[in-house]
Each structure stands twice: as structure tokens, then as C-alpha cells.
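The values are calculated or read from the model by the stated rules, or taken from the named source; none is laboratory data. Small disclaimer: the values here were computed from a predicted structure and weren't measured. Here the Cβ is made from the backbone with ideal geometry for all residues, glycine too, and neighbour counts use every protein chain on show. Protein only, heavy atoms only, side chains kept; ligands, DNA and RNA dropped before computing areas. Shrake-Rupley method; radii C 1.70, N 1.55, O 1.52, S 1.80 Å.
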Amino acid sequence: MQEHIQNELASFIANCDWEKIAPHFKEDAAYRVLDWVGCAVAGEHYPQVEIAQKYFIENGDQGNSTVIGHQIKCSPRTAAFLNGIAGHVCELDDGHRTAIGHPGSIAVPTALALGEHLNASGADVLKAVILGYEVFSRLGRTVNPSHYRTWHTTGTCGTIAAAAAAASLLKLSAEETNNAIGIAATMAGGLVESFGSHAKAINIAEACQNGIDAASLAKLGLTGSHSALLGKKGFVAATCTEPHTENLTHLSEDALVSDSAFYKVYSSCGHTNSP
């Protein structure tokens, strides 16, 4: 069942050493945050954000995490949900061609919302962003291109990437991180069929929120399957027909692939930017 690959991924996330990450990855992550904030400012008043915000406020959500462009503070899970919508909805968010998704729309709002709640350092937030990109890129390349026939990678792989970012900020042990991956894998979802409706952005919002939930539950002792990714009935088997599991191996601070995402110059789906 290749449990060792998930174990190694969890160990890498838990033990990733900020000091060993090359400076250009740190610089790249800072630019990724800046790019995403611009996307979120552009998208902050789209109806998808306004409707979701109304729902959470009516249900009494409150906390100390910022909702971009709005004079309210929410719990980190809700802030990540709302900001996740805002950062994706105007179609300016960065993308990854071979992972076929938008890692910034997942890693950045998750890290910012939870980092603010925890009063985390800038270094800790940027490391969480880097790890979110890393897990997204590697897992997306593992399941694609067959995954994208029906599954929205940013929602599916994004849930597990968000859990990685959250686990880093919560400073989970390798065992807890492995549980967070297992929990996130069973939460993951997002259909390409939702494209063209408001629900497309909910794929991203749910991924950010569920990633924080998965890591937070793991911290409290909830367990997840350690074969959730590569088991016979796991995430990869369920969502793709041609897995490329080599993308989940050879993990180290000097073998990161986090800076391989592209920036958009047009407000449209990444597949349309070149034409």
C-alpha cells in the first residue's frame, strides 16, 4: 500500500528546516503572497464572497483572522474560506501547468488566516506557503492529467496541500501530520462540473477550510488513514487512472519544486491565457 511514501511526506512537512530552504524559494514565496493578495483585493466584493460572508456572519462566526476587504474578523477556518473564494474568483490566481491547478489559491489564504490566528512569525507563514505549494505541485503531478477529467485539482489536491500548510503552522509532529493528511484526503472534493457556477470557487474555499480543520483535528488526537493517499482504495486510486507516484518521492529542502507555478497576465482560465 506504499504507506512509507505518505509517512515520508508527513515527516518532511513536520521536520522541514527553514534555514535549509534556499533563499530563492523564500523570495519566490514572498512574491506569491503579494500576487495572491492582489487577486483577493480584486475579488473581495464578488457575489460569491458576499453570499458566503452573510452566511457565516448570520451563524455567529467570529475570531481574529482578517477577511480581506471587509471590516470583520473571523475564525481562521472561515477567513480561509472567504479569502479562498476572493483569491480565485476573478481568475487571476497563479497556476501550475503539470499539476493542473492553482497552488497559491490554497497555500496563501490558509497560511495567512491560520498564521494570523496563531500570531506566527513571517518565516513560519512563508514556510507554510512553500510547503502548501510543494504538496500541491507534487500531488497534482501524481494524479494528473487523468484526474482533471472530472476532478478540480485545486479543490481535491488543494485540501491535502492546505492541511500540509496548516500542519506546519500548528507545528504538528510527523505522526500528527500523517493523521492530518489522512483526514484531509477523506475530506477532499471538487468537481469540474461546477465550473460556470458560483460553486467553482467553493471548491477552493472548502479546500482551505478543510485543510485547517484536518490539521486542527489531528492536533487534538483524531487519527486518519496512513494509506489514505496510496492505498488500494485511497485518494490516488479513486481519482486517477494513470498515477505518477514518483512525484511524491525524493523530498528535501534542496529538491523543492514550489517555484514552478506561473503567474497570470490575463483574468481568465490559465488554459486560455496563451491563445
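Quick rundown of the values:
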read-out: Helix-only [θ]222 nm of the chain, DSSP H runs n ≥ 4, -39500 (n - 2.57) each, per residue, nearest 500; value: -18500 deg cm²/dmol
read-out: Ser227 accessible area, 1.4 Å probe, all protein chains in place, Å² to nearest 10; value: 20
read-out: Whichever lysines have a C-alpha closer than 21 Å to that of Lys26, once near sequence neighbours (fewer than 8 apart) are set aside; value: Lys127, Lys171, Lys264
read-out: Loop-located GluC sites (Glu not before Pro) in region 1-108 whose Cβ has at most 11 other Cβ within 10 Å (DSSP); value: none
read-out: (1) 25, 21, 19; (2) 33, 25, 19; (3) 27, 23, 18, with the label sought being that of the calculated semi-axes √(5λ) of the Cα gyration tensor in Å; value: (1)
read-out: Residue-by-residue Karplus 3J(HN,Hα) for region 191-207, coefficients 6.51, -1.76, 1.60, Hz, glycine and proline x; value: 9, 4, 4, 6, 4, x, 10, 4, 5, 4, 5, 5, 4, 6, 4, 5, 4
read-out: Qualifying trypsin sites (Lys or Arg not before Pro) in region 159-259, DSSP loop, other Cβ atoms within 10 Å at most 16; value: Lys171, Lys232, Lys233
read-out: Point-charge dipole on Cβ atoms (K/R +1, D/E -1) for region 119-275, about Cα centre, debye to 20; value: 300
read-out: Principal axis dimensions, largest first and in whole angstrom, of region 8-113 by Cα; value: 44, 26, 22
read-out: Cα point-scatterer Debye curve for region 144-275, base-10 log of I(q)/I(0) at q = 0.09, 0.15, 0.19 Å⁻¹; value: -0.28, -0.79, -1.20
read-out: Within the accessible area of the chain (1.4 Å probe), percent carbon and sulfur; value: 55
read-out: Residue-normalised accessible area of the chain, given per residue in Å² at a 1.4 Å probe; value: 41
read-out: In sequence order, calculated HN-Hα J values of region 40-53 (Karplus, 6.51, -1.76, 1.60; Hz; x Gly/Pro); value: 5, 5, 5, x, 5, 10, 5, x, 4, 5, 4, 5, 5, 4
read-out: Estimated dipole of the chain in Debye, rounded to 20 [Cβ of Lys and Arg +1, of Asp and Glu -1, Cα centre]; value: 400
read-out: For region 201-275: span of alpha carbons on each principal axis (Å, largest first); value: 47, 30, 29
read-out: Cut-off under 5 Å, modelled amide H: who pairs with Trp151 long-range; value: Val192
read-out: Percent of C-alpha pairs per 5 Å bin, region 40-186, short to long; value: 2, 11, 19, 21, 21, 16, 8, 3, 0
read-out: For Asp28, solvent-accessible area (1.4 Å; no DNA, RNA or ligand), Å²; value: 30
